[in-house]
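> Sharing a structure with you now.
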Amino acid sequence: MGIEPTDLPDVTYGVATSSYQIEGATEADGRGASIWDVFSRVPGAVADGDSGEPGCDHYHRLEEDLDLLAWLGVDSYRFSIAWPRIQPDGHRIEPRGLAFYDRLVDGLVDRGITPLATLYHWDLPQALEEEGGWASRPVVDAFAEYARIVGEHLGDRVRDFSTLNEPWCAAFLGYDVGIHAPGVRSPSRAIAAAHHLMLAHGRATRVLRGVLGPDASLGIVLNPAPVRPVSDHPDDHAAVTLADGLRNRVWTDPLFRGVYPDDVLAAWEPLADLGALHRDGDLDEIAAPVDLLGINYYTPVHVGARSSGHGGGTPAGPGQDHLVEVAGPEPTSALGWSIDPTGLYDLLTRLHADYGVPMAIAETGGAFPDVPDARGYVDDADRIAYLDGHLAAFSRAVASGVDMRAFYVWTLMDNFEWAEGYRSTFGIVRVDRDTMERLPKASAHWYRDLLAARTSAR
Ligand code: IFM
């Protein structure tokens, strides 16, 4: 253990959340249903039958949560905007939804905390899913219109925007594996969703640039990972290249080089009508210049080929049932994810070498068992060790010349962890599920002390 305040790179530090995971109040003030409201009601879709209601009841506890952020001493807060609050049916504007984000943003600005807003963190209006969702092309214009509404409304106070959070999850877990909303299992629809998400990002980026001007910071958040073979078997080594294409290059190559990788296109040809899907001009739109690439890093990915005897696991991408992601050799967090800070260093140095774009850690953190004592206090030494190790890897990457602008911890407080429900906790602040009381864990005190010492060391 032991990153010292003086070792911390001079960047922006913060914490991150997302709307569906914390807000609750899913029917308040005209909010429409999202795909996660509907998916959560499917028996067996979410652990313990949980849903984003009540979340952390953040919608009604906004002032308390703003004060918590101020107590932590963060420079910035990364949150997402719930599209179904702004456009409940995917089209009509709901002023009360915009008013909630006015209160959030004004509260941050009043406390000297810089807002970083994500437009889409997986809560698509259900009405748009019923029009075809991410698998259909009209969603691209709908997203660009939503970006315009938010940009015009908040752009005088929010200058940092991300379009999408983790399109890999939205497309592949949502439309292929089916463990995330909308729970579809169709390789061709997942491939279509991936393209439309990227196109929506590009179109929204151009819209936001027009609304906000050249000095706004615009970006996208991906969840790339180092991909490693699970054994020395030649088939496992061969699996790594395509798995890397599906996890990493299929997003970064169109964004920063204006092309889809050939190996991924070849794998997808038999599964989808790419000629109809990828239209002239799309790649130019996707490659709209951005200021920042957000990286969510939790774990490296270990890939094996079924032909080398690996079973179980999740397919590495749509239609790739012969390539599976399986557990690696490293120690794991409560979700069984390998803990490996070296993977973060490897990832950042590789992305810097391949694309050379400014980056931020938009999320990193861990789910751990979190046993509260009689007073409800959680002494989460395991989470502190995780964050300490990943901050040290981040700092090493910066020292090697990687252009990093920010580091956000996932997450401010325990919240709705998607298909895992509330049983899986990533927060540095505990939320008592009976009372909704916020109780800072040891990790929150550790992060706060680190940031305060950094400030005084400056
Ligand atoms: O909780 C999620 C978040 O919504 C997106 N990135 C990964 C986190 C942990 O699974």
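> Need the failing condition index for SER19 against (1) over 21 Å from ARG148 (Cα atoms); (2) touching a residue at least 40 places away in the same chain (Cβ under 8 Å); (3) in contact with a His (Cβ under 7 Å, 6 or more places away or on another chain), just the number.
Of (1) over 21 Å from ARG148 (Cα atoms); (2) touching a residue at least 40 places away in the same chain (Cβ under 8 Å); (3) in contact with a His (Cβ under 7 Å, 6 or more places away or on another chain), only one is false for SER19: (1).
> Another question, then. For the stretch 402-417, which residues satisfy the criterion of being more than 8 Å from the ligand (Cβ to nearest atom) and either out of contact with any strand residue (DSSP E or B) (no Cβ under 8 Å at 6 or more places or on another chain) or among the polar types (S, T, N, Q) (or both)? Give the derivation first.
Here is the first cut: in the stretch 402-417, the residues more than 8 Å from the ligand (Cβ to nearest atom) are 402-409, 412-414, 416.
Result: PHE416, single match.
> State which residue is farthest from the chain's Cα centre (by Cα) when the search covers only the stretch 32-48 and only residues that are farther than 23 Å from ARG85 by Cβ and free of Cβ contacts under 8 Å to residues at least 60 places away in the same chain. Can you show your working first?
The first filter runs over the stretch 32-48 and keeps only residues farther than 23 Å from ARG85 by Cβ, leaving 43-44, 47-48.
Cutting the leftovers down to free of Cβ contacts under 8 Å to residues at least 60 places away in the same chain gives us 43-44.
Values: PRO43: 25, GLY44: 24 Å.
Top of the filtered list is PRO43.
> Say we look at the stretch 423-432 and pick out the residues that are assigned to a loop (DSSP other than H, G, I, E, B) and away from the ligand (no atom under 12 Å from the Cβ); which of these is nearest to ASN296 (Cα to Cα)? It would help to see each step written out before you state the result.
Initially, the stretch 423-432 is screened for residues assigned to a loop (DSSP other than H, G, I, E, B), giving 423-428, 432.
Narrowing the set further to residues that are away from the ligand (no atom under 12 Å from the Cβ) leaves 423, 428, 432.
Working: ARG423: 21, ILE428: 17, ASP432: 26 Å.
Restricting to residues being assigned to a loop (DSSP other than H, G, I, E, B) and away from the ligand (no atom under 12 Å from the Cβ), the top hit is ILE428.
> Further question: Looking only at the stretch 327-339, which residues are under 14 Å from ASP388 (Cβ atoms) and either more than 16 Å from the ligand (Cβ to nearest atom) or acidic (Asp, Glu) (or both)? Walk me through how you get there before you give the answer.
Within the stretch 327-339, the subset under 14 Å from ASP388 (Cβ atoms) is 339.
Residues satisfying the conditions do not exist here.
> Quick one: ARG31 ticks every box in (1) more than 24 Å from ARG383 (Cα to Cα); (2) surrounded by fewer than 17 Cβ atoms within 10 Å (Cβ to Cβ) except a single one, so which number is it?
(2) is the only condition that ARG31 fails.
> Take ALA276 and decide whether it is more than 22 Å from the chain's Cα centre (by Cα) and among the hydrophobic types (A, V, I, L, M, F, W, C). Spell out the reasoning first.
Details: more than 22 Å from the chain's Cα centre (by Cα): yes; among the hydrophobic types (A, V, I, L, M, F, W, C): yes.
Criteria met by ALA276.
> Out of curiosity, is THR435 within 15 Å of the ligand (Cβ to nearest atom), at pLDDT 95 or above and not basic (Lys, Arg)? If you could, list the steps in order and put the result at the bottom.
On the way: within 15 Å of the ligand (Cβ to nearest atom): no; at pLDDT 95 or above: yes; not basic (Lys, Arg): yes.
Criteria not met by THR435.
> So GLU131 fits all but one of (1) within 16 Å of the ligand (Cβ to nearest atom); (2) more than 18 Å from ARG157 (Cα to Cα); what number is the exception?
All conditions pass for GLU131, except number (1).
> Just to be sure I understand, how many residues within the stretch 383-401 are aromatic (Phe, Trp, Tyr) and within 16 Å of the ligand (Cβ to nearest atom)? So that I can check it myself, show each step before the final result.
As a first pass, look at the stretch 383-401 and keep what is aromatic (Phe, Trp, Tyr): 386, 394.
Now restrict to residues that are within 16 Å of the ligand (Cβ to nearest atom): 386.
Residues in the stretch 383-401 being aromatic (Phe, Trp, Tyr) and within 16 Å of the ligand (Cβ to nearest atom): 1 in total.
> Would you tally the residues in the stretch 280-301 being farther than 18 Å from LEU164 by Cβ and in contact with a helix residue (DSSP H, G or I) (Cβ under 9 Å, 6 or more places away or on another chain)?
Count: 4.
> OK, next. I'd like the residue in the stretch 92-128 that is within 19 Å of the chain's Cα centre (by Cα) and away from the ligand (no atom under 16 Å from the Cβ) and, out of all such residues, is nearest to LEU173 (Cα to Cα). Outline the logic, then answer.
Narrowing the stretch 92-128 to residues within 19 Å of the chain's Cα centre (by Cα): 114-125.
Filter once more, so that each one left must be away from the ligand (no atom under 16 Å from the Cβ): 114-115, 125.
On the way: THR114: 31, PRO115: 28, PRO125: 17 Å.
The selected residue is PRO125.
> Moving on to the next point. Of these, ARG159, ARG148, ARG185, which one is of a type in the set (Lys, Arg), in contact with a strand residue (DSSP E or B) (Cβ under 7 Å, 6 or more places away or on another chain) and away from the ligand (no atom under 16 Å from the Cβ)? Explain how you work it out, then say what you get.
Values: ARG148 fails: in contact with a strand residue (DSSP E or B) (Cβ under 7 Å, 6 or more places away or on another chain); ARG185 fails: in contact with a strand residue (DSSP E or B) (Cβ under 7 Å, 6 or more places away or on another chain).
After ruling out the rest, the residue left standing is ARG159.
The values are calculated or read from the model by the stated rules, or taken from the named source; none is laboratory data. This is a predicted model, so every value here is computed, not measured. Virtual Cβ from ideal backbone geometry, glycine too; neighbours counted across all protein chains shown.
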